[in-house]
1. What's the exposure ranking of TYR153, TYR55, TYR133, going from fewest to most Cβ atoms within 10 Å?
2. For every other residue with a beta carbon closer than 13 angstrom to the beta carbon of ASN63, add +1 if it is Lys or Arg and -1 if Asp or Glu, then tell me the sum.
3. Longest segment of the chain with no GluC sites (Glu not before Pro) in a DSSP loop having at most 14 other Cβ atoms within 10 Å?
4. Return the FRET efficiency for the residue pair ARG42, ILE159: r is the Cβ-Cβ distance, R0 is 30 Å, and the value is rounded to the nearest 0.05.
5. Modelled label-to-label distance, LYS136 and VAL49, 7 Å Cα→beta-carbon offset: nm?
6. Based on the Kirkwood radius over alpha-carbon pairs, what is the Stokes-Einstein translational diffusion coefficient of the chain at 25 °C with 0.890 mPa s viscosity, in µm²/s?
7. If the reach is capped at under 26 angstrom between alpha carbons, list the lysines near LYS137, excluding any in the same chain fewer than eight residues apart.
8. Full extension from TYR24 to ASN143: what is 0.36 nm times the residue separation minus their Cα-Cα distance, to one decimal in nm?
Amino acid sequence: MLEDDLGNNSVLFFPHITGDKLIYQDLDIRGAFIGLSASTKRKDMTQAVMEGVGYALKEVMENMGLKNWPQKIRINGGGTKSEIWMRILSSILNVQLEVVSGNASPCFGVCLLALQSKMDLEYAVEAPQAIFYPDKKRVHKYNEGYRKYKKIYTALKEIA
């Protein structure tokens, strides 16, 4: 997958392959690839999966009713080792992603949130191993892709 390809994919992926419990509350909905053609390559589908998961995360964040969209997000886990995935996610969410590792885990993140909600303090965590910034050109392209992504659920329900 080339850097120039990011945001320029005609294939969309709807990642709810085991139903959806968050946004649509529809356990019967299934995932889908949209826009496949005879010229679709494996890299197009791989990119579509990363973008589709990014769109799903954006949809969850939008539905959280955040008062302000975050300027940066600290993130960790196996997927953070992929620079391409982090570049895609940063541009889809239009946020700075700070990759942390070490002892950080989902439980650690939950503990930090609980601590901050009770103590109103800035908790110092290890310095990020990598920082990814949204690419403004891709942000625009991904906003267009997200607009299309948002129509997939209704279309799939129509034919299910």
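Bear in mind that the values in this text are calculations on the coordinates, not laboratory data. Predicted, not measured: the structure shown is a model, and the values here were computed from it. As a convention, Cβ positions derive from the backbone with ideal geometry for all residues, glycine included, and neighbour counts pool all protein chains shown.
1. With the fewest neighbours first, TYR153, TYR55, TYR133 line up as TYR133, TYR153, TYR55.
2. 0
3. The longest such stretch corresponds to 1-121.
4. 0.70
5. 3.4
6. This corresponds to a translational diffusion coefficient of 144 µm²/s.
7. Partners within reach: LYS41, LYS43, LYS58, LYS67, LYS72, LYS81, LYS148, LYS150, LYS151.
8. 40.8 nm
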